[in-house]
Every structure is written in C-alpha cells, then in structure tokens.
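Have a look at the structure below before the remarks.
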Amino acid sequence: MQKVQTHKNNSIYKKVATGNNPRLDLLPKLKAGILYFFMFCSLMTLTSCSMNFSIIEPWASEESKSNILFLLKGVFVTLELSIYSIFFAVILGFIFAIFRLSHNKILSSIGSIYVTIFRIIPLFVLLLWVYYALPISLQELPESVKDTPIMKFIFKSLTPLFASVLALSLNAGSFFTEIFRSGIQSVAKGQMEAGKTLGLSKFRIMIHIVLPQAFKNVVAPTISQFITIVKDTSMASMITLFELTRRVSQLQAQTFRPLELYTFLAVEYLVLLGTLSYIGRQVELSRYKISILLSSIFSLLILCCYNMSLTTMNSYAIQAIIAIFYVLIVMIILRYKPKLHLANFVYVGFIYNIIYLVINIIACGL
Amino acid sequence: MSDSIIRMKNVSKFYGEFKALSNINLDVKKGSVLVICGPSGSGKSTLIRTINQLEQIDDGAIFVNDMEFCSKGKIIPLNGKVGMVFQQFNLFPHMTVLENLTLGQKIVLKQKKQKAIDFAMQTLTQVQMEQHSHKYPDQLSGGQQQRIAIARSLCMRPEVLLFDEPTSALDPEMVKEVLDVMESLARSGTTMICVTHEMGFAKHVADKIIFMDKGEILEENTAENFFSNPQHKRSKEFLEKIL
C-alpha cells in the first residue's frame, strides 16, 4: 500500500504529479535484474559444457555471424507479429465485450456467437484456414466484386504476416472478450448508482468509474493472454512466416544441430516472455496500472516502427524522427495526464531500449 | 406555488406481482427533515430510490420544485439536484477523496478545476475531513468514508439530500460522528429525507416522521407526537419493539 503522507491541502495535485510510489523504486528491479543475470549465466554454463554453440557465435566465423543475424531478425518478426496481434485482439475483445453486455439483443447475440466460434476453433486450424482456404473462397466471388479496389487490396495483402495477424487476433480476441466482460461485470452495482446520483451520463459512468475499476481486475488475466499470444506466434511458422521458430528450424535443416539451435530458441522465448511477465508483475503491483500498461504498449509500437524503419530504410534520420516523435507524444500525454508518471515511460522505454540495444550490438558483430 | 421541494403523487411501484409501493402521496417542505421508518421490507429504501430515479415508478408522478421529473415512461435527468448517501458509501475506490468530490462538479456542473477544488475543500471542512483530502477511500475508516460520501453529494449543490440507512454499515462508535454531521446539516437548513433506524436521531432532528409498512404510508406525524402518542396500531407495535 502506498504510504500516506500529510500534504498541504492546496498542493495535492502537485504531490500526485511528482508522486512517490515505493513500488517504482529502483532497488527491487535491480535485485530482479541481478537474479535474471545469474539465471542466464548459470543456464549458459550448464549448457555450454556439453554443447557447441560455435555455429551461432558471431565472433567464430563469417558464416556463424550471418547465422545469428538470420535468427535475430526472427525476433523482430515475432515481436512485430505479437504486437499487431495483441493490438487488434484487445480492440476486438473490447468491442465484443461491450456488445455482449449490451441490452440490445442483436448486439449481444453477435458477441456471444463470435466468442463461441473463435474460442472453439483451434488456432492452428484457423491459421491454416485463413492462409490456404480464405483466398480460394475469395476467388469464387463474382468478377464484379473482385474488381473493386477493396478486394484488390485484400488479395494483395494476403501475406503470411497478414494471415497470422488475422488468425491470432480473432482467436485471442474471443478470450479477451470474456476477460473484459467479466472485468466489467465485477464492478459493484453501487458504483454505477453512485455515479447516477451525481448526474453522470451512462457513457461518463463507464469511462470514469466502471472501466478504471474493471481494468484493475483484468490486469492479471490480460497479461497471461499477452504471453499466450506471444507463444502462439510460433505456430505461424507453419504458414511460411519467417519468424523465430521457422528460422531456427530452417537453420537446423542446414546445419543438423538441433540441440544447440532449439536450446537457443527456448532461451530466446524465455528472455522475451520473462521480460513480459516481469513487466506484467510490476503493472499488477503498481497503483498506476493503466499508465504502465499504456506506456509499455506504446513503447512496443514505437519500437516496432523503429525496427521497420531500420529494415526498410536503414536511415538514422528516420530513427531520430521517430525518437523525437516518441518524446513529444510522451510530453503531450504527461501535460494532460500528470498522474501517468514520467518514471513509467522512462522505465518501460529503458527496458525495451536495452533489449533492443543488446540485440543490435550482437547483430552488428560486437 | 407551494414551498414544497419534493412532491409525490399517487406513486406506485411493482416488482412483478409484488406491490413495493402503493399510492404514496408525500410532500416535503423546503428546509425540513423527514425521517422514514418501518420494519424491513416495508418499502422505505424503494421509496427514496424512486425519488432519485434509481428505481422506475409504474404509476403516479414525482415533482421536484413543482416540476415533473419522473412519471411512468418519462424521466428527466436530475443532474445531481437530488443527492444520495448510500448504506455502503459507494465511494469511487480508484480516486482520491478530492477527485471523488470534484468529478461531478467538473463534468455535470461544468466547473473550473480550481473552483471545484475550492468548493470541495469547503464541504470537506463542513464534515471535518479537510486533512484527508489526498487519501484514497480504502485508507479511511467507515465513519470517515460515510462523511466523505455526504460531502460528495453536497458538492453537487443538491436541493435535497437522501440518506439510505447511512449508519447501518458502521461500527457503533462511528455512528455518532456521522449523525453529528447530519445533525449540523439539518440545523443549517438542508432539506433531508432519511431512512434510518436511529430513533434518537429521529427524535432530535426530524420535523416529520413517516411510518411505512408493506409499501404504504401508515402514519405521518411530527417527531414529538410520533414517539409520545403514535396513532396507528402498527407503529405502536413497532415502537414497543425497538424502544
């Protein structure tokens, strides 16, 4: 619990803005960081005694350097796919949760039909269907429909990435629908009544009273669902998307070193998801849950843009523009919502940037 | 033009077959304190919840300041004109006390932030809670939370304050601090309608007492007469049981 201090009454807003949340202190994070480091080191020592990682050590030879670069690019594809899927799944989940709770019978049945269908179809089947069956079913459409610009765009964009994002977000969206619905329903009825007696409209009650409290209840299951999504991206390797798992299997087919390569794959997922669940834990403990989650999603999106600019244009100017853009948006958000601590943005951005930097350094051959 | 602030005319309310309120006629004068008492399940809470539009009525009409605000199938938003204090406080747990108090002012009354804070501090002083303005509701005791809830409804500059058993969820030693605040509000001329089991408070403060049973008003009397010389048979029995 936050420690209570006696403030002067007129400086409350200032105190909240500068705030001092012991949860955000650096010390426990440092401890966790050291723990992670030791875990990683001991894992490495354990494995390296019987394994030979020379095929993916960047300093060993030119070939191994290109191998590790090949694999690390897969991390970005995995990240990209998970971020897009999380983004769309959360939106889908929120919309259908509102539908399910609506008093309108048509809307609520649309919501429950969506949940029933996509929660039941296995993700793997859905992936295969979207990638292999959907284009054929679209081909059956009459010529007049196929010639419209929208359909042309859809035909053009039916890439492995698009298909995986579609399947993953439809699948995860159905779980998010249930998570959000239960979260909203868990807010006590008296809260709504209190809002009503203050004269707030239904929309305002939802925004200011119900959703913030519902959010608190859905943090834990939402984070688990995030982790599930990131793990499920490995299935996209089956529809020829060159993400982490597919790259590792391909390299394995070339080098015949399954032990080292699949260990490397497992460690990569461990690091990725370990970070994610660690952030999730911090979010759960903090009083400022919304801000941390928002800022982490935001930072991830920015990182994704950053990565794309790197792979497509490789221009420092564009990277600088994106960095400035990020800082500007953070400033604007903080200007209107001083409660969303600057510390959160700094902290989350810091973690991502460190990961990014480390990967970059390794990728550039030290 | 009468000086009544709330007028109920032939109000009825059903839950399915069950008649929760039948033909209620009520007139609350400006600045007066009305106490509603009766055994549980007699429709006291339902009655004041209909005034606040938390329950819809099936027949009759409710007037606030001689304007029809509520009848069957027609509801005009009250915009906080009728404040309400709940048994379970219902403070917003994710906001500080001050944010609880300024939310309605900012959105419904469209006040400027500083003005809203000033008024909130003024009402907090009124309930003697000004030193707790930065805390969250879960850091306060039950009695303190209820006083904040009173301040929150005062912030909307209500014409009437409704109290739905404000002391029933409190520890005995905290009841007094809440009743003191209510008493000082009554002395300062706030119109109040209270559902309460605190007969001492009713005796002290109420201008008028209503006794209800099975959704009907059985007796309407001044506080003095009600306790010394109850008219209706049921209210005699009720008073014998609790006093």
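Suppose a student asked you for the relative contact order of the range B:88-226, using Cα pairs under 8 Å spaced at least 6 residues apart; what percent would you report?
Reported as a whole number, the value is 20 percent.
Principal-axis analysis of the Cα atoms of chain B puts helix B:97-107 at an angle of about 80° to the longest axis. Counting Cβ atoms of other protein chains within 10 Å of each residue's Cβ and taking the mean over peptide B:83-96 gives 5.
Beta-bridge orientation, chain B: approximately 60 percent antiparallel, per DSSP, counting only bridges with both partners inside.
Say R0 is 41 Å: what FRET efficiency, to the nearest 0.05, do residue B:14 and residue B:240 get from their beta-carbon distance?
Numbers: r = 31 Å, r/R0 = 0.77.
For R0 = 41 Å, the calculated efficiency reads 0.85.
Taking every residue in B:100-109 and counting other chain Cβ atoms within 10 Å of its Cβ, the average works out to 3. When all protein chains stay in place and ligands, DNA and RNA are ignored, the 1.4 Å accessible-area order of B:130, B:17, largest first, is B:17, B:130.
With K and R counted +1 and D and E -1, the other residues having a Cβ less than 15 Å from that of residue A:102 yield a net charge of +4.
What net charge is computed for the residues neighbouring residue B:59, neighbours being all others with C-beta under 9 Å from the C-beta of residue B:59, Lys and Arg scored +1, Asp and Glu -1?
Details: positive: B:13, B:72; negative: B:58.
Local charge sum for residue B:59: +1.
With Cβ to Cβ distances under 15 Å as the rule, what net charge do the other residues near residue A:115 carry (K, R +1; D, E -1)? Please report the intermediate quantities before stating the final value.
Numbers: positive: A:100, A:119, A:181; negative: A:178.
Combined, the nearby Lys, Arg, Asp and Glu give +2.
Chains B and A together bury roughly 2600 Å² of accessible area, counting both sides, with a 1.4 Å probe on protein heavy atoms only.
Relative contact order for chain B: what percent, with Cα pairs under 8 Å and sequence separation of 6 or more? The partial results should precede the final answer.
Values: 459 pairs, mean separation 62.8, N = 243.
This gives 26 percent for chain B.
Rolling a 1.4 Å probe over the protein heavy atoms leaves residue B:138 with an accessible area of roughly 90 Å².
Quick check: with the 1.4 Å probe, what order do A:143, B:216, B:159 take by accessible area, largest first? If you can, show how the numbers build up before the last one.
Working: A:143 120, B:216 90, B:159 55 Å².
The ranking, largest first, comes out as A:143, B:216, B:159.
Within 10 Å of the Cβ of each residue in B:148-160, the mean number of Cβ atoms contributed by other protein chains is 1.
Taking a ≥ b ≥ c as the square roots of the eigenvalues of the Cα gyration tensor, the range B:116-243 is classed as prolate, since a/c reaches at least 1.5 and a/b is larger than b/c. Put the Cα centre of the range B:122-143 next to the Cα centre of the range B:56-112 and the gap is 21 Å. Accessible area of residue A:206 (1.4 Å probe, protein heavy atoms only, ligands and nucleic acids ignored): about 50 Å². Phi angles of the range B:70-80 translate, via the Karplus equation with coefficients 6.51, -1.76, 1.60 and θ = phi - 60°, into HN-Hα couplings of 8, 8, 5, x, 9, 9, 9, x, 7, 6, x Hz per residue; Gly and Pro are given as x. Distance from the C-alpha centroid of the range A:217-236 to that of the range A:87-163: 20 Å, rounded to the whole angstrom.
The chymotrypsin sites (Phe, Trp or Tyr not before Pro) of the range A:163-266 meeting both criteria, a DSSP state outside H, G, I, E and B (loop) and at most 15 other C-beta atoms within 10 angstrom of the site's C-beta, are A:256. When nucleic acids and ligands are ignored and a 1.4 Å probe is applied, residue B:115 ends up with an accessible area of around 130 Å².
The values are calculated or read from the model by the stated rules, or taken from the named source; none is laboratory data. This structure is a prediction, so every number in the text was calculated from the model and none was measured. Cβ atoms come from the backbone with ideal geometry, glycine included; neighbour counts cover every protein chain shown. Quick note on the areas: whole protein, heavy atoms, side chains included, nothing else; ligands and nucleic acids left out. Shrake-Rupley method; radii C 1.70, N 1.55, O 1.52, S 1.80 Å.
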